[in-house]
Amino acid sequence: MDSTSTCYGATIKYLVLILSIGSECSGVIRAQDNKSGLGASFIFGDSLVDSGNNNYLPTLSKANIPPNSCDFKGSGGNPTGRYTNGRTIADIVGEELGQPNYAVPFLAPNSTGKAILHGVNYASGGGGILNATGRIFINRLGMDIQIDYFNITRKQFDQLLGASKARDYIMKKSIFSVTIGANDFLNNYLLPLLSTGTRITQTPDSFIHDMINHLRDQLTRLYQLDARKFVVSNVGPIGCIPYQKSINQVNEDQCVDLPNKLAQQYNIRLEDLLSELNNDLPGATFVHANVYDLVMELITNYNQYGFETSSKACCGNGGQFAGIIPCGPTSSMCSDHSKYVFWDPYHPSEAANLLLAKQLLDGTDKRFISPMNLRQLRDLS
């Protein structure tokens with residue numbers, strides 16, 4: 001990993017990373033074949049997998065300032081809009097599955113022409129399953145809007161490849177990744193002051209019921225647009241992130257109970273939903289990624305994985321765990337980014353993302369990834 005000084009050297013540069021060079025083209029072109037069998041990676045979700053969409057929104061949720069992305073080799077350490085020091089889980093998974101370029105952010109000016117053949121990232125910091133989620137940030141792309149944008153991409157694929165080849169490419173050679181739900185709790189149901197009315201009028205069970213119903217409709221809509229290979233992550237242990245630990249002033253080895261209970265309650269319902277969709281949508285495969293237990297394993301046994309702490313943010317300010325003020329140029333920062341599970345008050349470090357991605361890609365324990373891992377999903381005919 002780069003040193004602290006390398007990260008802060010990025011303060012004079014506010015360049016948006018061009019992940020792949022797109023070109024406008026007319027007529028039908030051939031999809032670029034690769035030996036891996038992966039065509040495109042379509043990424044939906046929140047700040048855990050946003051690769052720069054929020055750079056192009058008037059929003060309070062942005063990561064296009066240093067030292068974010070300071071260990072991202074593709075940008076030379078310049079900010080990219082990723083809410084971590086390096087690659088997201090989605091970046092790593094795409095690399096490992098054989099993508100030559102990262103999925104381009106939908107809102108980026110280069111998300112045109114051939115660039116989209118490797119995939120498109122629709123994820124947005126602050127976005128959620130429910131449309132009201134993240135309103136505190138003023139602007140964000142919720143899941144419904146992200147699917148609206150995929151519908152645009154879907155038509156572009158027809159123009160690029162021809163209708164028949166486009167459908168085959170999307171159905172058989174592409175993976176749809178969905179990482180969403182945490183903001184529906186953190187920046188909706190549990191939001192201090194603004195959510196008080198919601199919690200009075202709606203029980204946790206009722207709120208989660210709404211989330212599941214919306215997500216069912218959203219995943220079904222993607223299926224109707226020819227998505228067939230899905231990986232859907234559950235909500236991680238949000239009561240253990242440095243932000244929650246800081247504002248609730250818990251001990252280093254404690255997590256905040258309510259957010260974790262809500263996440264677990266939602267996760268049970270999500271697993272049932274994915275089983276339902278596997279049965280009800282012919283030809284579709286929904287892989288369940290149990291991120292909650294994978295992240296909890298890192299948090300609980302961090303020293304066994306080479307980390308120094310799983311409580312404190314590497315980059316942040318405020319409270320015992322540097323977890324109140326988001327990562328920015330004036331933040332305090334750890335000297336070795338690879339020794340921290342959390343990069344900032346909310347998001348894992350690249351070192352943690354690497355370990356999590358490895359389990360999703362090659363794991364054989366059905367408790368964590370089922371009914372198959374992501375390499376098996378890619379190779380599914």
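The values are calculated or read from the model by the stated rules, or taken from the named source; none is laboratory data. This one's a predicted model, so the numbers in the text were calculated from it and none came from an experiment. Cβ atoms come from the backbone with ideal geometry, glycine included; neighbour counts cover every protein chain shown.
Here the condition is being modelled with pLDDT of 95 or more and closer than 30 Å to L277 by Cα; of Q254, Q224, it holds for Q224 alone. Scanning the stretch 131-144 for residues that are buried (at least 23 other Cβ atoms within 10 Å of the Cβ) and not small (G, A, S) yields a total of 4. Return yes when N278 is of a type outside the set (A, V, I, L, M, F, W, C), touching a Cys at 6+ places or on another chain (Cβ under 8 Å), in a helix (DSSP H, G or I) and surrounded by fewer than 21 Cβ atoms within 10 Å (Cβ to Cβ) and no when it is not. In short, no. Number of residues in the stretch 99-120 that are part of a helix (DSSP H, G or I) and buried (at least 19 other Cβ atoms within 10 Å of the Cβ) equals 4. Scanning the stretch 283-325 for residues that are closer than 16 Å to Q359 by Cβ, over 22 Å from the mean Cα position of the chain (by Cα) and in a strand (DSSP E or B) yields a count of 0.
Could you tell me whether N151 is surrounded by fewer than 17 Cβ atoms within 10 Å (Cβ to Cβ) and in contact with a His (Cβ under 9 Å, 6 or more places away or on another chain)? No.
Taken as a whole, the structure places L270 among residues that are within 23 Å of T88 (Cβ to Cβ) and either in contact with a Pro (Cβ under 9 Å, 6 or more places away or on another chain) or outside any loop (DSSP other than H, G, I, E, B) (or both).
Among the residues making up the stretch 73-98, those that are part of a helix (DSSP H, G or I) and closer than 17 Å to L38 by Cα are I89, A90, D91, I92, V93, G94, E95, E96. The residues of the stretch 326-346 that are under 18 Å from N301 (Cα atoms) and either of a type outside the set (A, V, I, L, M, F, W, C) or assigned to a strand (DSSP E or B) (or both), listed by number, are H337, S338, K339, Y340, V341, F342. In the stretch 289-299, of all residues being in contact (Cβ under 8 Å) with a residue 24 or more places away in the chain and either acidic (D, E) or in contact with a Lys or Arg (Cβ under 9 Å, 6 or more places away or on another chain) (or both), the one that is nearest to V231 (Cα to Cα) corresponds to N290. Only residues that are closer than 26 Å to L57 by Cβ, more than 23 Å from the chain's Cα centre (by Cα) and free of Cβ contacts under 8 Å to residues at least 12 places away in the same chain were counted in the stretch 130-158, giving 1. Return yes when L360 is within 18 Å of the chain's Cα centre (by Cα) and in a helix (DSSP H, G or I) and no when it is not. Against the criterion (within 18 Å of the chain's Cα centre (by Cα) and in a helix (DSSP H, G or I)), L360 qualifies. When D362 is tested against (1) of a type in the set (D, E, K, R); (2) within 29 Å of L219 (Cα to Cα); (3) in contact (Cβ under 8 Å) with a residue 12 or more places away in the chain; (4) surrounded by 15 or more Cβ atoms within 10 Å (Cβ to Cβ), only condition (4) is not met. Residues in the stretch 78-98 that are of a type in the set (G, A, S) and either over 15 Å from G52 (Cβ atoms) or surrounded by fewer than 21 Cβ atoms within 10 Å (Cβ to Cβ) (or both): G98 alone. Do the conditions hold for Q244, that is, is it over 17 Å from D217 (Cα atoms), assigned to a helix (DSSP H, G or I) and not small (G, A, S)? The answer is yes for Q244.
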